[in-house]
Each structure stands twice: as C-alpha cells, then as structure tokens.
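Here the structure is laid out as structure tokens; the discussion comes afterwards.
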Amino acid sequence: MVLELLYIFVVICIATLMVWKACDQLEDACHNLALCYGMPDAVKGSTVMAISSSFPELATIVLATGLHGDFELGLATIIGSAVFNILVIPGASVFFRETALEADRNVIFREAQFYLISVLVVMVTLSFAVIYHPTPDRDTEGSLTNTLVLLPLAFYVLYMFIQYHEVLDHEPEVHECNVVSSWIRLIISMAVVALGVELLIRMVINLGEMFDTPSYFWGATILAAATSIPDLFVSIKAAQRKLSTASLTNAFGSNTFDLLVVLPAGVLVVGVVSFDYHRIIPMLLFLVAATVAVLTLARRGFELTKDNGKILLWLYVAFLAWMGWENLL
C-alpha cells in the first residue's frame, strides 16, 4: 500500500506540473490574443484569463463524466476549485506585492455580485433537479438534464453581453502580434492539459478505492487544488505586473465560468447525470460564506493586506479540515 501511495503521489505531482506548465503557455497565448483584440484589463481578467485558466476544470468534468461516468467527481472539483480561487488566489497574491492588493471597487463588486448570482443560479438548478427529476429510492438525489442546464448557460450569455459592452466602450491600443502562432500554442496547450487532467482523475479514483471514500471528497480537495494552480499563477503574474484589478477579477471570472459553463458541459456530454444533493449544497454554502469573507475583509476601497491574506488562507485550511472530518473520520 505504501508503494502504491508513493506511485499515486508521484503521478499526481507530474500531472499537476504538466497542467501548470501547459496552462502557463495557454495563458500567455490568450494574453497575446487579448492584446491583439485590444481588450481592457478588467474584461481580460474576467473572461479571457478566466476561461484559459479554467480549462483544467472543463477537462475534468468532461472526462470524469464522459469517460469515467462520475459526474459528482467533476462537480465537487468545480466547487472545490471555486473555494480555492476565492480564498487562496487573493490570499496568496497579496504576498507577491510590496503593497496591499488594490482594485477598482466598482469593477470588483460588479464581478462579485454577478458571481454570487451565479452560485444562486446553480443552487436553484440543482434544486430543480431534485424536485422535478428525483431518484425514487433516494430523497436527496436528483438528475440534471440538458434542459435544466440551459438556465446557467443563459446567465453566462448575459454575463458575456455585459462584458461585450465593456469592450465597446473601450478604445483598444494597437499591438503587433502573431495571431496564428498564438492559436497554435493555445490548441497544443489544451491537449497537454487534457492529458494531465486524465492522469489526475485516474489517481484520485484510485485513492477513493484505496481508502473506501467517495470520489467527490478527493475531487473537492486534491483534484480541485491541482487544477486550480494555473488560476493561482495567472493571478500572481497579474499582481506582479501591477494589474491588481485583472488579478482579482480572474478569481471571480473563473468561478463564474466554472459554475455557469463548465458544470453544464459535464451534463451536455452524456445528457442526464445524477448527484447527491446533501453532499453538494453544504460545499456551495461554504463557497458563499468564503466570498462574503473576502468582500468583508476588503470592504474599504477593495484593498487586501497581508494580514487579510493570512485569514483567507486559514479559511481554506478550515475547508480542507472540514472535508476531511466529514469523509475520513
């Protein structure tokens, strides 16, 4: 068992490194494309950067649902990744700057409000699944259908519509760039990310079988952290470039994309998926509480200090401890 655990640990480290490096190339390609199309920093952080850094979560839910038939693993990874994004990304990013992490208050609260609405939309969608498509022998289990996931997708279309008007009001700067080369790098990077994610999925499934624990636990912890590392480094790089607004909107934008697009993608792959409501809702409620904590700590002009960052990181440790207590003890 020790050798098997060592093997799993090594493969997880290698796969995480693959995902990290490939997403670094993916982010650079998307950054170049954003410059080519003259997108403003706030829009770039909440859409292009968020989508590129969220590709591991997209690959996770598509592969977990389509190849392994485990939608809950993908769903828990999305929620765990959202908790990581909202707590660890701003909490860690502030330590890579000499000063506090500041951002445009109006932009941040606009993004945060839409993101909180996104969480609510997902909760309503999951509730509809239990109400209208319950599992006969289990009261807390429901089925998501293609029709139900149109609701979060519709809200993401609204989100993109708002961002589109941001671009219309922006006067783009002219940048010389190689569009074809950037697109080639983007496609190759996506393929490498998908390979790394598949390795991670196989390893966490093995962990679940080894310790006789539900796969969603390992998805919400190990897999979520592994796939969220690209989000972390995207925001750290933005913070180092003194693009604080882009750094912080990336966390909200990534979560919005994960909840409104990535989650439905897993359902659209197979048509109908089942999940246990009482396992998922507490994690979503923790996600809401984590978001409120971030907004409360940064209430004045949206400024995060290093002390605030420590609090956010300890909240993530508390999340991991809670998940471990619920599933391992």
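Tabulated data for the structure shown
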item: Rounded to whole Hz, the Karplus (6.51, -1.76, 1.60) HN-Hα couplings of the stretch 134-139, x for glycine and proline; result: x, 7, x, 8, 9, 5
item: Segments 3-14, 264-275 sorted - mean Cβ within 10 Å per residue, highest first; result: 264-275, 3-14
item: Qualifying trypsin sites (Lys or Arg not before Pro) in the stretch 257-316, DSSP loop, other Cβ atoms within 10 Å at most 16; result: Arg299, Arg300
item: Alpha carbon Rg of the stretch 2-328, scaled by the compact-globule rule 2.2 N^0.38 Å; result: 0.95
item: Most to least packed among 60-73, 79-92, 225-238 [average Cβ atoms within 10 Å]; result: 79-92, 225-238, 60-73
item: Distance (nanometres) between label positions extended 7 Å along Cα→Cβ at Asp139 and Arg202; result: 4.2 nm
item: Protection proxy ranking of 197-209, 113-125 - average other beta-carbon atoms within 10 Å, highest first; result: 197-209, 113-125
item: 5 angstrom amide H check on Arg138, placed H, neighbours 5+ away; result: none
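Since every read-out is calculated from the coordinates, none of them should be taken as a lab result. Note that this is a predicted model, so its numbers are computed, not measured. Every residue, glycine as well, gets a Cβ built from its backbone with ideal geometry; the counts of neighbours run over all protein chains shown.
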